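Q: This is the structure I have questions about; it appears just below.
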Amino acid sequence: MKSLLFAFLFLISCTESKAQESTDVLPKEKISELKNYIKNKDYNQNLAVFINFKIHSGKYRYFVYDLKNDKIIQKAIVSHGSGSVIKRSNQLQFSNVEGSYQSSLGKYEIKESYSGKFGKAYRLKGLDSTNSNAMQRAIVLHSFGCVPDLESQNLSCLSLGCPMLSSKAFKETAKHLDQSKKSIILYAFY
């Protein structure tokens, strides 16, 4: 009986720590905000992508999220723009300006894929005033060889403003994007 009780308590503590992990990396208010934004709009209501730029760039901060079952289904490392780096600071800065090489915050509609200099990539249409120039800035979701698959204390390589994934992570995301009949929203926040 003691061992059954111990196993039950262990299972509960593991479940709570997983739930706590989701809350730490992906705040509930950001999930709720996105759910309210897409409600009654012609976007995929089941899946979304989140980027939490508050998290160290060598850690998982890119999340494909199941909105119906409230769970993370993919975690990955994602780069930010070289212009977002503030010298001698752990803080980042963001911009919507052409030539800034900074990442932009806000909600994006993940549009069609195309084949470009990075191979397959997805166009991103900025839906907020903070990222409305994404198309003209050619901010796209793509893979790049310098982005690692596994977390470490090292910073990820930098982009010119695009969210870049490892090849493996990009292929996993592409499966979700290509299977969706409606556009999926990506929400980058800080």
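The values are calculated or read from the model by the stated rules, or taken from the named source; none is laboratory data. This one's a predicted model, so the numbers in the text were calculated from it and none came from an experiment. Cβ: placed from backbone, ideal geometry, glycine included. Neighbour counts: every protein chain shown. SASA here: full protein model, heavy atoms, side chains in, ligands and nucleic acids out. Shrake-Rupley method; radii C 1.70, N 1.55, O 1.52, S 1.80 Å.
Q: Name the one entry in SER95, SER79, SER152 that is at pLDDT 95 or above, open to solvent by 10 Å² or more (accessible area, probe 1.4 Å), among the polar types (S, T, N, Q) and touching a strand residue (DSSP E or B) at 6+ places or on another chain (Cβ under 9 Å).
A: Of the residues listed, the single one that is at pLDDT 95 or above, open to solvent by 10 Å² or more (accessible area, probe 1.4 Å), among the polar types (S, T, N, Q) and touching a strand residue (DSSP E or B) at 6+ places or on another chain (Cβ under 9 Å) is SER95.
Q: Restricting attention to segment 155-167, which residues are more than 18 Å from LYS75 (Cβ to Cβ) and open to solvent by 50 Å² or more (accessible area, probe 1.4 Å)?
A: LEU158, LEU160, listed by residue number.
Q: Somewhere in segment 120-133, is a residue buried (at least 18 other Cβ atoms within 10 Å of the Cβ), outside any loop (DSSP other than H, G, I, E, B) and small (Gly, Ala, Ser)?
A: Checked against the condition, which is being buried (at least 18 other Cβ atoms within 10 Å of the Cβ), outside any loop (DSSP other than H, G, I, E, B) and small (Gly, Ala, Ser), segment 120-133 yields at least one hit.
Here's the yes/no breakdown for (1) open to solvent by 50 Å² or more (accessible area, probe 1.4 Å); (2) outside any loop (DSSP other than H, G, I, E, B); (3) within 20 Å of VAL64 (Cα to Cα):
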{"residue": "LYS111", "(1), (2), (3)": "yes, yes, yes"}
{"residue": "ALA138", "(1), (2), (3)": "yes, no, no"}
{"residue": "HIS142", "(1), (2), (3)": "no, yes, yes"}
{"residue": "ALA169", "(1), (2), (3)": "no, yes, yes"}
{"residue": "LEU186", "(1), (2), (3)": "no, yes, yes"}
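Q: For residues in segment 29-76 being in a strand (DSSP E or B) and open to solvent by 70 Å² or more (accessible area, probe 1.4 Å), which is nearest to PHE189 (Cα to Cα)?
A: LYS75
Q: Of (1) assigned to a helix (DSSP H, G or I); (2) surrounded by fewer than 15 Cβ atoms within 10 Å (Cβ to Cβ); (3) in contact with a strand residue (DSSP E or B) (Cβ under 9 Å, 6 or more places away or on another chain), LYS175 satisfies all except one. Which?
A: Tallying (1) assigned to a helix (DSSP H, G or I); (2) surrounded by fewer than 15 Cβ atoms within 10 Å (Cβ to Cβ); (3) in contact with a strand residue (DSSP E or B) (Cβ under 9 Å, 6 or more places away or on another chain), LYS175 fails exactly one: (3).
Q: Can you list residue pairs whose Cβ atoms sit under 7 Å apart, with the first residue in segment 139-152 being within 21 Å of GLY83 (Cβ to Cβ) and the second being among the β-branched types (Val, Ile, Thr) and in a loop (DSSP other than H, G, I, E, B)? Count only pairs 6 or more apart in sequence or on different chains.
A: Pairs found: VAL147/ILE77.
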